Each structure stands twice: as structure tokens, then as C-alpha cells.
Amino acid sequence: MANSLKGKHIIVGISGGIAAYKAPMLVRLLVKAGAEVRCAVTEHALQFVTELTLETVSGNQVYTELFDHRNPHSTEHISLKEWGDIMVVAPATANIIGKMANGIGDDALSTLLLSFRKKLFVCPAMNTQMLESPAYQRNAATLRQDGAIFINSTCGELACGTVGDGRMAEPEDIVELIERSVDSENDFAGKRVLITAGPTYEKIDSVRFIGNFSSGKMGFAIAEELATRGAEVILVAGPTHLKTNSPRIHRIDITSAREMYNAATENFSSCDAAILSAAVADFRPEHEADHKIKKQNDSDGMVINLVQNPDILATLGSMKRDGQCLVGFALETDNELDNAKKKLAKKNLDFIVLNSLHDQGAGFGHDTNKVTIIDRDGSIIFGDLKSKQAVATDIANHLASII
Ligand code: CTP
């Protein structure tokens, strides 16, 4: 394993469960792996593990109180969240998971978690009944959708005397999973990826257009994911209010399909891969009026002649040279798999991501999506409903396995 944790700033959040006795071992292993560690603990956790132990193994002061009487102006939860690259909550009780899922910040740890926006690992530990309770399942699902990475509990003897699921994963396994996740962080370093995202607007006249309901969220999530993993991203974006965060994303804002076509074809040859997630309007009005079209007569209808827009994906498919990887999306309502496979072959793609409008919570405007990845060799991966961020990770992982 590469020395991926060397120099990383890791905050270990410890909540009040019996598994807190394993937290010093986790801290020790992280420090041994080269990380700098700070601990944030709840009052209940201090019933199971002492501040002195954590200070000794981490070599740093332990963060226990929201309001520090010694320094009433301190906003430790702000400076600590900026300091940390990664946060791991181990053990994560049902209580802290409930607070995290619902935005409650009533102590040092929960307040810090509320403001922490980077890589977050959650290591649940509780008894089986709590783990299986609908409330916990709901909260865990919410957190997953928000992008938290769960390191699942295992089966074994529990503190309550029973045997079942709910034991916190072993510290060695937690460290290995964190290392593996960090290892994949830079797997796109040196790669350039073109992404199209959002809708296109096709002008009818100076005030009206033909558009669609695409929000651009899926394409923007892919752009952020790839940039975080080291890629230079060229994001050709249709009209959307979304913002980009990474400085490695070079954004080209366009309005119409033809503008998107120009930006994509100009940039594709310098890229290692392209992912075309935009919902491109297939047709545009034949004539675009340069003034507002007026009603002619109260009862008259109106006919707009439409002509086809160029197919950007198919064009890139015909330009593709050896070593370049091309990924398309397919939005289907009928014969989904068959139609997606046909698009994959016809547009010369390496894989295609199939969205279905039948699935609740998936598709336009939602923060979640459910996709199926179909490969050139015919293999199919069926995904679950997850956050668009998690779907972006799956797509990036698949792309990484090809390029
Ligand atoms: N696409 C494109 N340019 C177009 C139309 C579509 O680049 N003019 C891309 C989309 O970004 C997507 C893929 O082609 O990656 C499939 O889009 P989709 O709308 O599902 O299919 P179409 O090819 O437009 O075919 P149809 O409308 O017949 O389903």
C-alpha cells in the first residue's frame, strides 16, 4: 500500500459507545501511517476513554467543548474543520448519526461535523436492534446520500451480551479502507477530461426558447469528482445556476446545442476522455426571430419548423482515436437496455450510463440518481439509488479502470 496517509490531517470524532475503547488504537495506527491526528470527543465518549490517553496517542490537545472558557472567543469548530483533510467518526453511535443526518449541532463534535465538508468516514457501532431500527436506517441513508462513506459494522459479540451485527469495524480495517480511498484520490493526475452538462436552450425569438428540465447536477458532480482525483476538466455547461468549486475545472458556458458542439469538438482532441452527460436539444427552430413574435389573431395557433441539431456524442465517436475513452448517457423510457446498447454501438462509445425516468428519486433535478453502466464488451453493472456524488464516484471508478 502506498504511503497515502503521510502528512494528512485527520480528525477522529469519538462518540459515546463502548467501542470508544478502540479509538486510541485507531489514532495510534493513523499516526503510525504518517497522519497528523486530532480528536474531537463527546462528553459520553469520555466515560469510555480518557482525554489523557487520546492526547498521548495523538500528540495533540483533544477537542471536547464547544465553548472554551479559557478562550471565549475561540471558534475551534471552524479552525479545526479547515485544518482537517479527512474526518472519521469511530465509533459513530445511533445518536451522533441521527444528529449528523438532521443537522443538529449541540456539542463540540456534532457542531464540527455540521461544518465539515470534506471526506467523511462513519464507523457505526451499536446493538443490532438499534442498527435495524427504521429511524437509524433512514438517518444512515440520508448521510450516505450526503456523501459520507460508511465503514460498516461487523457481526460478533456485542456489549449487551448478544451476538449480532453492530460491532465497530476493527481499527486495522478502518485504516486500510481510508488508505484505499485516499489512494484512489489522485488516479486521474495528468489526465484531461471533457464533460458536457446541463440543458441546451434553442432560441425561438428574442424572449423564448425550447429547453428541457436538466439541472446539470450529474455532470457537475462528475466534474468535481474527477478534478478532486487530479484530472484537468473542461466542463462545457448549458444554462444552469450551479457553481464549480475546484480550480482544476475550466468551465465554458454555452447556451445552444451548436455552441456546445463547437466547444466540445474544439477541445476533444486534447483530452484523454470525454463524458457527455448534457441533455442536448435534438431539434432547434429553423428560423430564430430577432424580435418578440406577436400573436397574429386571437384564435390562431402557431407552427414552428424544427431542424435537427448535430449529434455531439456521435461526432466525437467518429473523431475518437486510439487511447481516447468516450462515455455517453442514455435517457430512455422504453426498451431501456436494448436502446442504450444500440446507442453505445452506434456512437462508438466505451461505455454508456443509462438513466431511467421510471425510478423514483432518479433523473432531472433530483440530488439522487440510479444508473446502469453498460460496457462495450456487453457487461452490465446495475446501480442502486444514491447521491449524484456517489454515482459520479462509480462512473469515475469505471472510467479509471479503462484509462
Ligand atoms: N447527445 C449529444 N448530442 C445530441 C444529442 C445527444 O451529444 N445532439 C448525447 C447526450 O449528451 C447523451 C447521449 O447523446 O450522452 C444520448 O442522448 P439521448 O438524448 O439519450 O439520446 P439521443 O442520441 O438524442 O437519441 P434519442 O433522442 O433518439 O433517444
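Side notes on the structure shown:
- Mean-position separation - Cα centroids, segment 98-177 and segment 1-70, in angstrom: 16 Å
- Pairwise alpha-carbon distances in segment 9-183 exceed 31 Å for 8% of all pairs.
- Carbon + sulfur, % of accessible area of segment 9-183 - ligands and nucleic acids excluded, 1.4 Å: 52 percent
- Per residue, the chain reaches -9500 deg cm²/dmol at 222 nm when only DSSP H runs of four or more residues are counted, each adding -39500 (n - 2.57).
- Within the listed set ILE11, ILE204, ILE97, the Gaussian network model of the chain (springs between alpha-carbon atoms below 10 Å) gives the highest mean-square fluctuation for ILE204.
- Accessible surface, per residue, of segment 20-168 when the full set of protein chains is kept, probe 1.4 Å, Å²: 50 Å²
- On the beta carbon distance between ASP205 and ARG251, with R0 = 25 Å, the FRET formula returns roughly 0.35.
- Among the trypsin sites (Lys or Arg not before Pro) within segment 214-244, those in coil by DSSP and having at most 11 neighbouring Cβ atoms inside 10 Å are LYS243.
- Loop chymotrypsin sites (Phe, Trp or Tyr not before Pro), segment 193-243, which have at most 13 other Cβ atoms in a 10 Å radius of their Cβ (DSSP): PHE213
- Largest-first principal axis extents of the Cα set of the chain (Å): 79, 52, 40
- Count Lys and Arg as plus one, Asp and Glu as minus one, and take only other residues whose Cβ is under 12 Å from that of ILE222; the net charge is then 0.
- Percent accessible area from carbon and sulfur atoms, segment 192-402, protein chains only, probe 1.4 Å: 48 percent
- Whole-Hz ³J(HN,Hα) from phi, Karplus 6.51 cos²θ - 1.76 cosθ + 1.60, for segment 197-202, glycine and proline x: 8, x, x, 10, 10, 10
- Solvent-accessible surface of segment 192-402, taken per residue with a 1.4 Å probe and all protein chains present: 51 Å².
- Descending principal axes extents, segment 9-67, alpha-carbon based, whole Å: 29, 26, 16
- Taking 15 Å as the cut-off, no amide N atom of segment 198-226 comes nearer than this to a point 7 Å along the Cα-to-beta-carbon line of ASN305.
- Taking 21 Å as the limit for the C-alpha separation, the pairs LYS320/LYS388; LYS320/LYS341; LYS99/LYS388; LYS347/LYS370; LYS8/LYS217; LYS217/LYS243 exceed it in the case of LYS320/LYS388; LYS99/LYS388; LYS347/LYS370; LYS8/LYS217.
- Residues whose placed amide H lies under 5 Å from that of ALA35, excluding near-sequence neighbours: GLY7
- Using a Gaussian network model of the chain in which every pair of alpha carbons under 10 angstrom is joined by a spring, one finds that among CYS325, CYS271, CYS160 the greatest mean-square fluctuation is at CYS160.
- GNM top mover of ASP282, ASP300, ASP187 - the chain, alpha-carbon springs below 10 Å: ASP300
- When you filter the GluC sites (Glu not before Pro) in segment 272-362 for DSSP loop state and at most 15 other Cβ atoms inside 10 Å of their Cβ, you are left with GLU286, GLU288.
The values are calculated or read from the model by the stated rules, or taken from the named source; none is laboratory data. Quantities reported herein were computed from a predicted structural model and do not represent experimental measurements. No Cβ is skipped: glycine too gets one built from the backbone with ideal geometry, and neighbour counts run over all protein chains shown. We work out accessible area using only protein heavy atoms, side chains counted, and drop any ligands, DNA or RNA first. Shrake-Rupley method; radii C 1.70, N 1.55, O 1.52, S 1.80 Å.
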